[in-house]
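Remarks on the structure that follows.
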Amino acid sequence: MVDWPHAPVHRLDEAGAFIVTAGTYRKEHFLRERERLSFLHDDLLTIAHEYGWRLQAWAVFSNHHHFVALSPDDPSSLRKFLGKLHTLTAARVNRRDETPGRKVWYQFWDSHITYQKSYLARLRYVHNNSVHHGIVPVATQYPWCSASWFERTADRAFVNTVSGFPIDRLKVFDEF
């Protein structure tokens, strides 16, 4: 199969763990305010659950979001899940800005995670993405990510494993 060079390829034919990144149109910061970050965050968690995607790590920002999730039996539902999330949040943003029909979301990128080390590295990366972007010095201070939830709910040994996992050679699309 030859990949189309102008858009991300979505290989959603086998269930498992995935990392997903979605970005806004032209990387514009449509979701800059706390209220907007909150509804994107809350809608992400609600709609993921609705479609059977079990979030393991997430982070939402003013112009993109990331998550690591375990898929349901049919991972192709990711398209419908993100379609609903992006349709609802775009409509809400456009209502508030009085710009009906404006394009808010652009594309999403996904990768099926097939190795445990890759999974652990991506968990750490997403939990700490607010630090990567220079928003907070400690990820648990950022309310629109999973870092504090992870530290509260995961087994301490697992938290220590993920927190110490190297990510210096990790390649995740994150040009925002």
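Values quoted throughout were computed directly from the atomic coordinates according to the rules given, and no laboratory measurement underlies them. Source: prediction; values computed, not measured. Because the Cβ atoms are built from the backbone with ideal geometry, glycine has one as well, and the counts that use them run over all protein chains shown.
Assorted remarks:
- If you go through the range 30-45 and keep only what is touching a residue at least 12 places away in the same chain (Cβ under 8 Å) and charged (D, E, K, R), you end up with ARG32, ARG36, ASP43.
- None of VAL104, VAL93, VAL126 is surrounded by 19 or more Cβ atoms within 10 Å (Cβ to Cβ), aliphatic (A, V, I, L, M) and in contact with a Leu (Cβ under 8 Å, 6 or more places away or on another chain) except VAL93.
- Tally of residues being under 12 Å from GLN56 (Cα atoms) and either crowded, with 19+ Cβ neighbours inside 10 Å or touching a Pro at 6+ places or on another chain (Cβ under 6 Å) (or both) across the range 129-161: 4
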